[in-house]
Structures are given as structure tokens and as C-alpha cells.
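Below is one structure, written out as C-alpha cells; the observations come after it.
Every read-out reported here was derived from the displayed coordinates using simple, explicitly stated rules and does not represent laboratory data. Just so it is clear, the structure is predicted and the values come from calculations on it, not from any experiment. Here Cβ is always computed from backbone atoms with ideal geometry, including for glycine, and neighbour counts include all displayed protein chains.
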Amino acid sequence: MSPTRLPEPDQEVLAGSSAIIKALEQIVTPDAVISDEEGRRTYETDALTAYRRLPLAVVLARSTEEVSKVLKYCHKNRIKVVPRGAGTSLSGGAIPAEDAIVIGVSKMNRVLEVDYENRTIRVQAGITNLAISEAVGAHGFFYAPDPSSQLACTLAGNLAMNSGGAHCLKYGVTTNNVLGVKIVTMGGEVIEVGGAHLDPEGYDLLALIIGSEGQFGIITEATVRILPKAESARPIMLGFETCEAAGQCVAAIIASGIIPVAIEFMDKPAIEVTEAFASAGYPCDVEALLIVEVEGSEEEINRLLGDIVDIARPFEPKAVEESTSAEQSARIWKGRKSAFGAFGRISDYYCMDGTIPLSRLAEVLPKISQICAGKGLKVANVFHAGDGNLHPLILYDANNEDEARKAELAGAEILKLCVAVGGCLTGEHGIGIEKRDLMRVQFSEADLNLQMRIRSVFDPDFLLNPGKVFPLNASKNTGAAEAA
Amino acid sequence: MSELLRPAADWELQQMVSGCAERGLPIEVVGSGSKRAIGRPTESAVTLTTSSLRGIALYEPTELVMSVAAGTPLSAIELELAGRGQMLAFEPIDVGPATGGPQGGQTMGAVFATNLSGARRIQSGAARDHLLGVKGVNGRAELFQAGGRVMKNVTGYDVSRGLTGSWGTLAVLTQVTFKVVPWPEASATIVFLGLPDELAVELLCTAMSQPFEVSGAIHLQASVAERLDHPGLSSMSKSVTALRVENFARSVATRKERLKEGLRVYGKAMELDNRETLEFWSELRRLSVMPHGPSLLWRISTKPTTAPKLVTAIKRHMPVKAFYDWSGGLVWLEVPATADAGTAEIRRIVAIHGGHATLIRADSSVRASVEVFPPLSSAVERLTRGLKEAFDPAGILNPGRMYANI
């Protein structure tokens with residue numbers, strides 16, 4: 001839909017594609033290599049579907065050894081590699097290139113070891129996020145990071161993007177829940193970083209690897225923390241006459257010393273569309289809705305929800321619904337959880353992911369509406385309010401090229417606004433190709449060069465997941481060779 | 001005596017690093033210097049302290065975020081936070097007194113540069129988990145920033161977190177931005193006496209698997225427990241196994257009872273009230289049960305359930321006194337002073353069981369002759385060298401403090 005440029009393919013690599021495919025088939029087995037056009041079509045994009053590129057070939061690796069062998073071959077022959085989990089990236093983090101091999105890890109999805117005493121689980125990285133929690137659920141444990149794509153997305157993708165989720169206000173994001181990884185570098189070397197212990201030895205390499213968007217290596221195994229599930233959890237729904245009041249209420253809850261597991265915010269356009277779709281019982285006469293969930297024993301929950309009602313009172317909520325049963329909780333959450341789906345039925349939308357300091361919410365939301373209105377577009381806001389991670393949904397018609405371009409321009413303006421008020425370009429979706437060209441809004445040339453020098457330590461030739469994270473013309477400063 | 005540089009502003013610090021880079025002068029980077037006796041002994045012509053970079057740049061209690069100049073003392077920050085009913089969740093540990101340094105002196109920059117977290121780490125995460133952003137100057141004398149001031153941020157690589165635990169060898173931090181949390185309304189501790197290590201760690205792990213958000217899980221061998229201030233605990237000549245719960249008062253009361261009920265098989269539990277709980281855990285934070293002296297102090301990170309086996313194995317080679325923190329996942333181990341600090345045996349045993357060991361307290365002659373920080377695999381060492389090169393190609397920032405030539 002947009003002006004974001006993808007790198008031009010290397011003609012020499014394209015010319016040798018049949019030899020490359022033959023070599024790959026020998027390195028792994030022919031059935032692990034997808035080279036026909038129809039097969040490759042499945043991998044041409046991710047959840048940023050406006051961009052598509054057919055990869056040269058796809059290898060669905062079944063072991064760390066296979067990943068290592070393929071990377072070694074690609075490294076030797078200077079062939080680019082795009083790592084892939086389930087392809088659910090919203091920022092284009094898994095979009096391939098015509099001269100690149102996709103290495104998918106989704107077949108490596110086994111649980112290797114569960115250690116309830118030490119509260120860890122070791123898994124192959126292609127396992128889905130939800131499958132980790134399912135594997136330990138019967139014993140009363142769960143894996144905390146819960147991106148909304150958790151049914152499909154892989155841990156490998158979560159590690160690459162340092163994914164968050166609705167419950168990270170209390171439990172942190174991916175990087176706070178991982179103890180160790182097995183990573184294969186572009187040179188094919190298999191490296192163990194961390195382990196089952198809590199503290200890193202030497203430099204915190206894990207911190208750098210997690211969130212490196214697949215540019216430091218391909219993670220094939222990981223040891224992550226599992227936590228005991230809370231006894232129970234219940235939400236309260238609060239409707240307000242202004243977004244400002246809702247924002248102030250969030251601040252007041254946090255200032256009071258209560259850390260809910262989730263605080264979700266929906267503005268009027270979001271409430272209306274969602275309610276029409278899900279019949280969750282949301283009040284349609286309010287400007288903003290909060291869903292605040294707390295956990296603990298029944299007694300603890302009652303006390304916390306009671307406190308929250310008291311805290312909310314000065315902000316004059318027009319609607320208050322405290323869940324008292326599992327059915328009621330499910331109904332209240334049903335609306336929020338189906339919000340994106342509800343919008344998908346009425347329009348194409350472009351989902352943004354900037355984060356702002358919560359204190360600037362009252363000023364930022366109207367500006368977002370103005371930015372979109374200025375381009376003749378509608379916008380709705382559904383987001384994680386506790387941590388200021390906004391998800392404006394800009395509605396547009398994907399078949400209308402002009403509208404699509406305007407949506408992307410509006411998105412860029414919104415992200416610049418987020419940075420201007422002290423926030424950032426992306427809270428949980430990652431940079432990918434989508435926000436690559438906005439990196440200079442947040443970082444100086446020195447900051448970017450430092451990041452690219454760190455990348456060079458892992459992959460000096462910038463062959464892994466190329467053309468992402470950094471503006472294409474930025475890499476020339478480091479001496480590394482990313483084809484622009 | 002080396003030359004002392006005390007920049008009062010980021011730009012001044014940058015100029016000083018630039019001057020040293022041009023002349024190839026190695027710089028000893030310190031905050032207040034309270035952890036100076038930790039690490040490999042180094043000789044630098046220049047000592048640069050961040051202690052004049054002070055002040056709170058931003059504090060938003062309703063957003064649970066604070067941003068301070070790197071040389072601001074931790075004690076000042078904790079006072080400021082307490083005034084608004086907030087705190088640092090990771091309970092930074094003060095290794096100053098245990099290593100012959102001053103108590104309470106450490107700066108906020110050093111808290112994150114060393115990533116030494118206290119008991120609540122087991123529930124709430126380490127210093128590294130609470131860092132949101134940094135500003136700093138690298139060995140190329142470039143002023144850079146990474147991360148930011150918001151809770152959720154995946155814009156670019158996680159460079160700030162990558163700098164935690166690097167002990168000033170990659171960059172001099174000038175500003176740190178971090179997450180804070182509310183003080184719990186109430187707290188309580190339940191204590192079991194006289195349990196052998198293995199059973200104690202089993203108890204701690206069982207407690208950590210309950211949904212009661214236990215925020216401290218420690219075990220002190222009898223020889224360590226006798227050093228406690230609390231007269232009721234130090235005079236028993238018994239090991240002390242303790243669990244902390246924190247929340248609003250009624251919840252604490254209930255959780256405490258339910259924990260005790262579930263752990264009945266380990267014996268009758270004693271209780272510490274809110275005041276005693278605050279005192280007990282703050283004593284552990286100062287590491288005063290491992291007081292400065294001629295003996296050596298190791299810090300071992302491992303899986304909780306392997307910790308007692310590991311300690312028993314080491315005990316076959318030398319007398320030990322052990323303080324298990326983090327449900328057993330962190331062992332502070334006191335051993336008698338020897339020329340090689342028991343390094344060969346300790347590292348061999350740790351390698352068998354998994355984890356790593358750091359020599360925290362020893363004479364400089366000992367620290368000069370053995371590896372103080374955990375030896376790295378060849379692949380990790382190569383990446384470590386690469387990172388040093390990326391940040392500090394001339395090798396002027398704290399060279400050799402962690403590893404030779406790094």
C-alpha cells in the first residue's frame with residue numbers, strides 16, 4: 001500500500017536459483033525444501049499483507065543441525081536468509097525477499113523438558129506461544145507473555161520481536177521471562193546463551209538477542225520461566241464521558257498502589273463497532289471504556305475491585321459493571337478480544353503500535369483523530385492503557401490506492417507524535433519494514449550506528465533478515481554491506 | 001595515584017572520554033567507588049567518576065517511571081520514592097560492606113551497570129528487567145541513547161538492557177530511566193528453623209509454586225544465621241529458612257496462613273510481623289550476614305534444586321558457609337582464604353551442575369591470579385570481544401575489569 005521500498009534482489013543470486021535449490025535439497029532433504037511457486041506463495045508475506053515477495057526457496061528445518069547446515073551454506077555463498085516462525089508479524093518482520101531463503105522453524109515445536117520445581121520449561125522455538133501454557137496448564141502453571149496472536153505465533157517469533165501482550169503490565173514482556181536460548185549464527189555456529197539459571201554470565205547477550213528481529217541469528221531452543229496461575233481473575237468495566245477522565249482514572253489506579261493484570265481502553269468508535277459485533281453489553285453512550293482485571297483469591301479480588309470503584313468515583317463513571325462470575329467475565333472480555341475482528345468485518349484497517357507516557361493520553365487521542373480526519377480517514381482506539389501502548393486502528397479501503405497511501409502517512413504522523421510526547425515508535429510489534437524509515441525520528445545517527453555495529457558482531461555481512469529495522473541508506477555508515 | 005576526572009555534565013564527560021581516547025589512556029570508570037574491590041584489579045592512569053552527575057530528571061509516580069543522572073546515590077532515590085509510597089522492585093543489594101567498601105554509597109548508574117539484585121528478584125525480576133532506557137558515552141566518545149521512558153518499547157535493539165552487568169566496560173552511563181513499583185501495604189515473613197539445605201530448598205521451591213506471590217525465599221545455614229541481628233533467630237544455632245509475602249494487610253494475613261498450612265510437613269513456622277519483616281530483609285540486602293573479613297566470598301548462580309548438591313560437593317573440598325537466595329538459585333558462599341580461592345574446585349563443580357560463579361571478595365593478589373568473572377565458552381567470548389570492539393575499540397573503558405583484554 002505504500003512507498004516503503006524493499007531492497008532490489010541480487011540478480012546473480014536469482015540466476016543461480018536452481019543450483020541453490022538443488023544444494024539445499026542435498027543439505028537437508030528434498031521434502032524439507034519448498035521451491036515450487038505455489039508452495040512459496042504461502043510464505044510471500046506475513047500479517048503486514050500489503051507487502052509481498054516470493055522467496056527464492058523455503059526450508060522448513062526440523063533440527064538445530066539442519067538450521068546450522070543451511071546457514072553455513074548460505075553464509076558461504078552470500079545468500080540472504082529470512083527467519084520465520086508463524087508469519088504473524090504486523091510490522092513485516094518476516095516478509096521475504098526474492099533473493100533470500102526463508103528458514104522456517106515451525107516444525108520444531110516440541111517440549112523438551114518441563115521442570116516444575118525450578119519453574120522452567122525448555123522447548124523448541126517453533127512451538128506456539130499458547131502451546132507452552134497448555135503444556136504446563138494442568139499443573140497450575142502458565143507462560144506469561146500473551147500476544148493476541150498467541151494461538152498461532154511461535155516462541156521463535158516472540159523472541160525475535162520481544163513480544164508483549166495484554167498481561168505484561170504485571171508479568172513483563174518476553175525478555176523478562178526467558179532464561180536461555182540456543183541460537184545459530186549466520187555462520188552456522190550453534191551457541192548456548194544463558195541456561196536455566198536466573199543471572200547472565202558476562203555481558204547480557206540474551207538482552208541483545210531478544211528483540212533483534214531475527215538479525216542476530218536463528219533461535220532453535222529456549223528455556224523460559226513458567227509461573228503459578230493466580231487462583232482467579234475478574235474484570236470490572238468502567239465507562240466515562242471523556243477519554244481524559246478514563247486516562248486520569250488509569251493514572252489514579254496505578255498511583256493508588258494497585259497493579260492490575262490488565263487495563264484495556266476503548267474509545268467510542270471502538271466501543272460501537274465492537275458492541276455491534278460481539279454484544280458484550282458495552283455502554284454505547286460513553287466516550288471511553290476501561291476494562292480493568294485483577295487477580296488473586298475471591299476475597300482479594302472483591303477487595304481490589306471495590307477499591308477500584310472507589311478510586312474511579314471522582315472521575316464520575318457513567319457505567320460500572322463489576323464481574324461476579326466467570327460467564328460475566330467472559331462476556332466483558334469477549335468484546336475486547338474480538339475488537340480487531342469486528343473492525344475487520346467493516347473495513348480494512350491499519351493497526352499502529354506506538355507507546356506514549358500515560359500522562360499525555362488526553363492530549364494525544366484528540367490529535368490522533370485530527371491527523372486521521374485531516375486525511376479523510378476514521379480511526380478507533382483499542383489499547384493497553386496501563387503501559388501507554390496505543391493501538392490506533394486507521395480505517396481505509398485497501399482497494400483504493402490513494403486511501404491506502406493516506407492511511408500509511410497518517411500512521412507515520414501518529415508515530416512521530418508518539419515520539420514527540422516522549423514515547424516510542426513501537427511498543428510490541430517491532431520495526432520490521434513498516435517503521436524502518438522512521439527510526440531517525442527516535443534515534444540519532446550515532447545511536448543507529450551503534451546498533452548496527454552490534455548487529456555486525458553477530459552478522460558482519462548483514463545477511464540475516466536484511467532490509468529491516470534500519471533505514472536502507474543507514475547501513476553504509478558502518479561499513480557493513482546491506483544492499484540498498 | 002591516578003588522575004581523577006569528575007564531569008558535571010554529559011558533554012563534559014564526553015570531552016574527557018574523547019581526550020583519553022585520543023591519547024589511548026585507559027579509564028577506570030566508577031560511580032561512588034563502593035564496588036571498587038570487585039573484579040580483576042586494574043591499573044588506569046585516569047579515574048572517571050560520575051558522582052557529580054546528580055539529580056532526578058523525571059519522576060512520574062502515576063506512570064511508575066523515574067529518570068535520574070547516573071551518579072545520583074541510590075539512597076537518595078529510595079528516599080524520594082518512599083515519599084510517594086514507591087520503591088525499586090528488585091531491591092538492589094549492597095555489596096559495599098561485604099567487600100570492605102562503604103555502606104549505602106552506590107550510585108544508580110552502578111546499580112544497573114552491575115545488575116546486582118536482591119531477594120525480590122525471584123518474584124519481580126532483576127535490575128535489568130526494570131531498566132527502560134539509558135544515555136551514555138561509549139569508548140568512541142559518542143553520546144548515545146537507547147530505550148526510552150515508556151514501559152513497552154521494542155524500537156530498535158535492546159541496547160540499554162544489553163549494558164546491564166557490563167561493569168562500565170562498554171560505556172559510561174550518564175542517565176538511567178527505570179520502572180518503579182508501589183510499596184506493598186503490608187508484609188510478613190514465615191520462618192522455619194533447623195532444616196538441612198536440601199529440604200529447605202525443596203520448601204522454598206514448593207512455596208514459589210503456590211499462587212501467593214512469595215517475594216523472598218531464602219535459606220541461611222546455621223553458621224550464617226547466627227550472624228543475624230534478630231536475637232530470636234541468631235541465638236538458636238539453627239538454620240533459618242524464610243519466606244516473605246507482601247500485599248494489602250488482609251491478603252498478607254490470609255496468604256501467610258495458607259502458606260503455613262501447605263508447608264506443615266516442614267515443621268512449625270515462626271512469624272515475623274511487618275516491622276520485623278522490613279528489618280530482616282533489609283539486613284539481607286546489606287549482605288551483613290557475609291561480613292567483610294579475611295574469608296572469601298563467591299556468588300553462584302544456578303538452578304534452585306541443584307544448589308544444595310553443588311554446595312555439598314564444594315564442602316568436600318573446603319569448609320563453607322552458605323546463604324541461599326532466590327529460592328536457592330543464588331548462593332553466596334563464604335570459603336577460607338587460599339591463594340587460588342578454591343577456584344579450580346568451585347568452577348569444576350559448578351560446571352558439572354550448571355550455572356556460574358563469580359569471586360566477589362578476595363585480596364587483589366588473588367583476584368589478579370584467578371578469573372573473577374565466570375569463564376566464557378569460546379563462542380560467547382568471541383561475541384563478548386566483538387561487543388567490546390563495537391563500543392570501545394581502543395579498549396579504554398575499565399579494561400580488564402571483567403576479563404583480560406576486554
Identify the residues of segment B:360-404 with backbone N under 19 Å of a label point that sits 7 angstrom from the Cα of B:Glu22 along the Cα-to-Cβ direction, or state none. B:393-397
Length released on extending from B:Ala76 to B:Tyr59, taking residue separation times 0.36 nm less the Cα-Cα span: 4.8 nm
What does the structure give for A:454-460 when I average, per residue, the other chain Cβ atoms found within 10 Å of the residue Cβ? 4
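Summarise the partner chain shielding of B:304-312 as one whole number: the mean count of Cβ atoms from other chains within 10 Å of each residue's Cβ.
Working: counts 8, 4, 3, 1, 0, 0, 0, 0, 0.
Mean shielding count: 2.
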Tell me whether chain B comes out rounded, prolate or oblate; compute the Cα gyration tensor, take square roots of the eigenvalues as a ≥ b ≥ c, and use a/c under 1.5 as the rounded threshold. oblate
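First check a/c for segment B:186-285, with a ≥ b ≥ c the square roots of the eigenvalues of its C-alpha gyration tensor; if it is under 1.5, answer rounded, and if not, answer prolate when a/b is larger than b/c or oblate otherwise. Intermediate results must be reported in sequence, preceding the final value.
Values: a/c = 1.86, a/b = 1.22, b/c = 1.52.
Because a/c hits 1.5 or more and a/b fails to exceed b/c, segment B:186-285 counts as oblate.
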Over segment A:28-135, calculate the relative contact order: mean separation of alpha carbon pairs under 8 Å at least 6 apart, over the residue count, as a percent. 26 percent
Highest mean first, what order results for A:231-243, B:267-279, B:14-26 on Cβ atoms within 10 Å? A:231-243, B:14-26, B:267-279
About its Cα centre, segment A:96-251 carries a charge dipole, from +1 on Lys and Arg Cβ atoms and -1 on Asp and Glu Cβ atoms, whose size in debye to the nearest 20 is 440 debye
Residues of segment A:82-113 with the amide nitrogen closer than 15 Å to a label point 7 Å from the Cα of A:Ala138, along Cα-to-Cβ, please. A:111
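Any chance you could run the full-extension gain for A:Arg440 through A:Lys107? It's 0.36 nm times the residue separation minus the Cα-Cα distance, nm to one decimal. All intermediate terms of the calculation are to be shown ahead of the outcome.
Numbers: separation 333, 0.36 × 333 = 119.88 nm, distance 3.71 nm.
That pair, A:Arg440 and A:Lys107, stretches by 116.2 nm at full extension.
How would you order A:135-144, B:364-373 from highest to lowest mean count of nearby Cβ atoms within 10 Å?
Values: A:135-144: 17.8, B:364-373: 16.2.
Listed from highest to lowest mean packing, they are A:135-144, B:364-373.
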Could you tell me how far the Cα centroid of segment A:123-166 sits from the Cα centroid of segment A:317-364, in Å? 22 Å
If R0 = 56 Å, then A:Glu192 and A:Lys367, at their Cβ-Cβ distance, give a FRET efficiency to the nearest 0.05 of 0.75
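Rounded to the nearest 0.05, what FRET efficiency do A:Val320 and B:Glu389 have when you use their Cβ-Cβ distance and R0 = 41 Å?
0.10
Could you order the peptides A:336-344, A:357-365 from most to least packed, using the average number of other C-beta atoms within 10 Å per residue? Can you show the working numbers first?
On the way: A:336-344: 17.9, A:357-365: 20.8.
So the peptides A:336-344, A:357-365, ranked by packing, come out A:357-365, A:336-344.
Please work out the ratio of the alpha-carbon Rg of the protein assembly as shown to 2.2 N^0.38 Å and round it to two decimals. Don't jump to the answer; show the numbers that get you there.
Numbers: Rg = 26.8 Å, N = 890, 2.2 N^0.38 = 29.1 Å.
Normalised Rg, Cα atoms only: 0.92.
What is the average number of partner chain Cβ atoms found within 10 Å of a Cβ in A:446-452? Don't skip to the answer; put the middle values down first.
Numbers: counts 6, 8, 2, 4, 13, 7, 2.
Across A:446-452, the average partner-chain Cβ count within 10 Å equals 6.
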Looking at the square roots a ≥ b ≥ c of the eigenvalues of the Cα gyration tensor of chain A, which shape do they give, rounded for a/c under 1.5, prolate if a/b is larger than b/c, or oblate? prolate
Would you work out the Kirkwood radius for segment A:96-153? I mean one over the mean of 1/r across all pairs of different Cα atoms, in Å. 12.7 Å
Between segment B:328-406 and segment A:254-310, the Cα center-to-center distance that results, in Å: 49 Å
